[in-house]
Amino acid sequence: DTEVTQTPKHLVMGMTNKKSLKCEQHMGHRAMYWYKQKAKKPPELMFVYSYEKLSINESVPSRFSPECPNSSLLNLHLHALQPEDSALYLCASSHSRDWANNSPLHFGNGTRLTVT
Amino acid sequence: DAKTTQPPSMDCAEGRAANLPCNHSTISGNEYVYWYRQIHSQGPQYIIHGLKNNETNEMASLIITEDRKSSTLILPHATLRDTAVYYCIVRHTSGTYKYIFGTGTRLKVLA
């Protein structure tokens, strides 16, 4: 079991659909992350939120739109995706760097996304 | 942030120690070394981290060389459940949120 919960576990969507991935943590962490992982590759950082504000955007295409409505929730809104966007999307959280600058990441088990 | 180099794969006999190396020759004095592992179809799991001194917890030991250019993760008595991809990451202590994963080592524990 993980303390970071991601829903749904699996998602199949067409290229014209709009869908959202959700992530929730109740560890009091103020930094939350989205990573993308293709098969047999390491996770790639997409976005980081710190205190509900976007801190890092790793030049991710605008068809991916993150949102952090409060300190416990992180969403990733998806629109007009391509088949090559099919991947495992991982959410993680950590203490903010103001609190503990060596805080490790805590990951959820991901949403496996297939774009058809 | 310093980059890391790991062997792509390793085998280890069940019950023996698994020693996983990581090269981080460009590491700076303010960068921590973190280890994570990822079991198939799960998210990465934090194992251990260190700055200069060797570290040990209930999962593993981390040995960092004196010049800090490399480190070794030791699983003292590997079990079949330790079969996973192990990632070594370095991150600056100034608190950047950039945890950048390297290519990792695929460890297979053999019965």
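A cut-off of 5 Å between modelled amide H atoms, ignoring neighbours fewer than 5 places along the same chain, links B:G43 with A:N109.
Starting with the highest mean, order B:9-17, A:29-37 by the number of other Cβ atoms within 10 Å, averaged over the residues of each peptide.
Numbers: B:9-17: 13.2, A:29-37: 23.6.
Top to bottom by mean Cβ count within 10 Å: A:29-37, B:9-17.
Highest-first packing order for the peptide set A:88-97, A:51-60, A:67-76 is A:88-97, A:67-76, A:51-60, based on the mean count of other beta carbon atoms within 10 Å.
Say each of B:T65 and A:K53 gets a label point 7 Å from the Cα, pointing the same way as Cα to Cβ; how far apart are those two points in nm? For the pair B:T65/A:K53, the computed spacing is 4.1 nm. Of interest is the spacing of the C-alpha centroids, which for the stretch A:21-50 and the stretch A:55-102 amounts to 5 Å.
For the residues of A:78-91, the average number of beta carbons from a partner chain within 10 Å of their own beta carbon is 1. For the stretch A:42-111, calculate the relative contact order in percent as a whole number, restricting contacts to Cα pairs under 8 Å that are 6 or more residues apart. Reported as a whole number, the value is 20 percent. Taking amide hydrogens as placed 1.01 Å from N in the peptide plane, the amide H of B:T56 sits under 5 Å from those of B:L62, each at least 5 positions away in sequence or on another chain. Think of it this way: in chain A, A:C68 stand alone, with no other Cys Cβ under 4.7 Å. Sketch the reach of a paramagnetic label on B:T5 as a point 7 Å from Cα along Cα-to-Cβ, and name the residues of the stretch B:54-78 whose backbone nitrogen lies under 12 Å away. Only B:70 fall inside the zone, counting backbone N under 12 Å.
The mean sequence separation of alpha-carbon pairs under 8 Å and at least six residues apart, normalised by the residue count of chain B, gives a relative contact order of 38 percent. Extension gain, B:H77-B:K108: 0.36 nm per intervening residue step, less the Cα-Cα distance, totals 9.8 nm. Isolated cysteines of chain B, defined as having no other cysteine beta carbon under 4.7 Å away, are B:C12.
Ordered from highest to lowest accessible area with the whole protein assembly present and a 1.4 Å probe, B:H40, B:H49 read as B:H40, B:H49.
How large is the charge dipole for the protein assembly as shown, taken about the Cα centre, if only the Cβ atoms of Lys, Arg (+1) and Asp, Glu (-1) carry charge, to the nearest 20 debye?
500 debye
The values are calculated or read from the model by the stated rules, or taken from the named source; none is laboratory data. Keep in mind that what you see is a predicted model, and the values were worked out from it rather than measured. Here Cβ is always computed from backbone atoms with ideal geometry, including for glycine, and neighbour counts include all displayed protein chains. Heavy atoms of the whole protein, side chains included, go into the accessibility calculation; ligands, DNA and RNA do not. Shrake-Rupley method; radii C 1.70, N 1.55, O 1.52, S 1.80 Å.
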